[in-house]
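Here the structure is laid out as structure tokens; the discussion comes afterwards.
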Amino acid sequence: MPDSFFQTTPIYYVNDRPHLGTAYSTVMADAFARWHRSIGEEVFFLTGTDEHGLKIVRVAEERDKSPKEWVDEASAWFGEAWRVLEITNDDFLRTTDERHIATVQRFMQAIYDNGYIYLGEYAGWYCVSCEAYYSDAELLDGQLCPVHERAVEWLVEENYFFALSRFSDQLLDWYGANPGVVFPETRRNEALGIIKQGLEDISVTRTSFDWGIPVPWDSRHVVYVWYDALINYVTAAGYGVDDERFSRLWPTVHHLVGKDILRFHAVWWPAMCMAAGIDPPSQIVAHGWLLTGGEKMSKSRANQIDPVVLAGDVGVEPLRYHLLRDVILGNDGDFTYEGLIARYNTDLANNLGNLLQRVTTVVNSKCGGVGPLPSDASATSLAQIADEVVSDVRAAWERFAPHEAFEATWRLVHEANFALEQAEPWKMEPGPAVEAVLGDALEVLRIVAILASPALPETCTEIFFRIGLEGRPDAPGRAHLGAGELGWGHYRPSGPVIKGSPLFPRRRLDESDS
Ligand code: MSP
């Protein structure tokens, strides 16, 4: 049975449409899911929407809708945006799904039965946008939320509390035993810092509104939205309903989250899992923020870019490629339209697009449209470069550096273009010499199509088609280390090499400014 790989995204609040920041998170998770499928793993890729809590009640009120009407409408925007952005999620979980409501109640009951939930009273500063309490020390001057820079509210409630403080030692032991569990290391240190500062118990139910999941043993309370949301990951893995599936998937879970929700995932969630008696997550990867003009893109700052509109302008796959290639996972990245167009022109139009165009043109003019086979690996330096690139790409994905995976892949594109410029096959007579040059370039295109497919799946499928190959470059297992096809010499066309129109016509910056 193949290894499993369970990739998650955060589940998004349905207080507004998806924006480029949330699209970034989802595209990144999608690329990991795609890469892991291509190396032959059995992938389960989960995303969804976070639909309970006060924030949603207020948004619905503003629009004169019931919370349910609102979340049905808004959740669909996410499903639609992810379809446009070619997101290959296997499941889309809504926290209003019956299956999730049942699991939250089951999971919480387990924690309660294990003695880690008790009744108390909570008074504190609450940010509705974060759906989180803050201590005085955490607030910005003027009693403002540190994330949204908005006024917080003083809330007093009878709440059930989760005894987070009792997990400090267990969490520290867990971090000690699993040094790589949070990536990047700066975020691991941040999480350790939070634990070492001393953990306080957290209030995990609400009584002031009812748009939430009823606490199973006390229906006057609904579950706090973060507690409810985190449990989505085990709902989708089959917790309590399919033990076999759960025990296969859960140990391979990879949570991709934004740095702003680190403490929920790297402190609360592992403790919740321990309290319920299951293993904490195996991997938490925290990405940075996508900024516009140096600021986080978010509803409250009204500086959002609609990813669907942007994709309609520059193309879905160029957008995906730019996000994956130019934002270093873990760091913030400043999004500019100029940066996107520059990357499009250099990597896609001038390098990859040009390579395909040249090769397919010359194969048609010199070889009658029949793709010649590549040279023996020992006869071309491209074979060795391809080998190095393939192992660099594998290593880059392993260390959560997709930008390096694509950088390495484009080194191969660049080398193939360079080899063509040196040999100038367009000036050669038909015959074995020109065939060798073109066969090698076709083999590079085949390998590149497999390696680039996590960012550019449809483009790479078109490349396969144009170089006379059947099927898709992202077919499961093609990049498998042992049984895959990333070694030199697999190019065997079954159809003609086709010269089509350029995949990526060059773009001018002012093209869509009108
Ligand atoms: N609903 C919670 C997550 C619950 S997960 C159990 C939430 N939702 S959110 O919609 O506000 O944010 C979801 C994710 O989107 C977070 O990881 C957040 O970091 C990410 N992003 C929101 N704005 C972003 C940018 N501008 N840039 C990158 N990621 C951004 O938090």
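The values are calculated or read from the model by the stated rules, or taken from the named source; none is laboratory data. Predicted model, so just to flag it, every value in this text is computed and none were measured. Positions of Cβ are generated from backbone atoms using ideal geometry, with glycine treated the same way; all protein chains shown enter the neighbour counts.
Is there a residue in region 183-192 that is touching a Phe, Trp or Tyr at 6+ places or on another chain (Cβ under 6 Å), within 25 Å of Tyr12 (Cα to Cα) and surrounded by 18 or more Cβ atoms within 10 Å (Cβ to Cβ)? Yes, because at least one residue in region 183-192 is touching a Phe, Trp or Tyr at 6+ places or on another chain (Cβ under 6 Å), within 25 Å of Tyr12 (Cα to Cα) and surrounded by 18 or more Cβ atoms within 10 Å (Cβ to Cβ).
Inspect region 474-487 for any residue being part of a helix (DSSP H, G or I) and in the same structural domain as Leu373 (by TED's automatic domain parsing) and give the result as yes or no. Scanning region 474-487, I find no residue that is part of a helix (DSSP H, G or I) and in the same structural domain as Leu373 (by TED's automatic domain parsing), so the answer is no. The residues of region 399-424 that are charged (D, E, K, R) and closer than 16 Å to Arg325 by Cα, listed by number, are Arg399, Glu404, Glu407, Arg411. With a requirement of 3 or more residues that are away from the ligand (no atom under 16 Å from the Cβ), the strands (runs of 3 or more DSSP E) lying completely within region 1-116 that satisfy it span 42-50. Within region 206-233, the residues that satisfy the criterion of being more than 26 Å from Ala266 (Cβ to Cβ) and part of a strand (DSSP E or B) are Pro214, Asp218, Ser219, Arg220, His221. Within this structure, Leu352 fails the test of being assigned to a loop (DSSP other than H, G, I, E, B) and either in contact with a strand residue (DSSP E or B) (Cβ under 8 Å, 6 or more places away or on another chain) or under 27 Å from Leu481 (Cβ atoms) (or both). Looking only at region 275-290, filter to residues that are assigned to a loop (DSSP other than H, G, I, E, B) and of a type outside the set (Phe, Trp, Tyr); which one of those is surrounded by the most Cβ atoms within 10 Å (Cβ to Cβ)? Looking at residues that are assigned to a loop (DSSP other than H, G, I, E, B) and of a type outside the set (Phe, Trp, Tyr), I get Pro281. Within region 203-222, residues that are in contact (Cβ under 8 Å) with a residue 60 or more places away in the chain have Cβ atoms under 8 Å from residues that are assigned to a strand (DSSP E or B) and among the basic types (Lys, Arg) in these pairs: Gly212/Arg206; His221/Arg206; Val222/Arg206, counting only partners at least 6 apart in sequence or on another chain.
Residue-wise test of (1) within 13 Å of the ligand (Cβ to nearest atom); (2) touching a Gly at 6+ places or on another chain (Cβ under 8 Å); (3) touching a residue at least 24 places away in the same chain (Cβ under 8 Å).
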residue: Ser247; (1), (2), (3): no, no, no
residue: Trp250; (1), (2), (3): no, no, yes
residue: Ala275; (1), (2), (3): no, no, yes
residue: Pro281; (1), (2), (3): yes, no, yes
residue: His287; (1), (2), (3): yes, yes, yes
residue: Gly293; (1), (2), (3): yes, no, yes
residue: Val308; (1), (2), (3): no, no, yes
residue: His322; (1), (2), (3): no, yes, no
residue: Leu340; (1), (2), (3): no, no, yes
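Within region 171-187, the set of residues being assigned to a helix (DSSP H, G or I), closer than 16 Å to Asp260 by Cβ and in contact with a helix residue (DSSP H, G or I) (Cβ under 8 Å, 6 or more places away or on another chain) comprises just one member, Arg187. Does Asp347 satisfy the condition of being within 16 Å of the ligand (Cβ to nearest atom) and modelled with pLDDT of 95 or more? No. Asp260 falls short on exactly one of the conditions (1) surrounded by 22 or more Cβ atoms within 10 Å (Cβ to Cβ); (2) within 12 Å of the ligand (Cβ to nearest atom); (3) of a type outside the set (A, V, I, L, M, F, W, C), and that condition is (1). Within region 234-245, the set of residues being over 20 Å from Thr26 (Cβ atoms) and either part of a loop (DSSP other than H, G, I, E, B) or within 15 Å of the ligand (Cβ to nearest atom) (or both) comprises Val234, Gly238, Tyr239, Gly240, Val241, Asp242.
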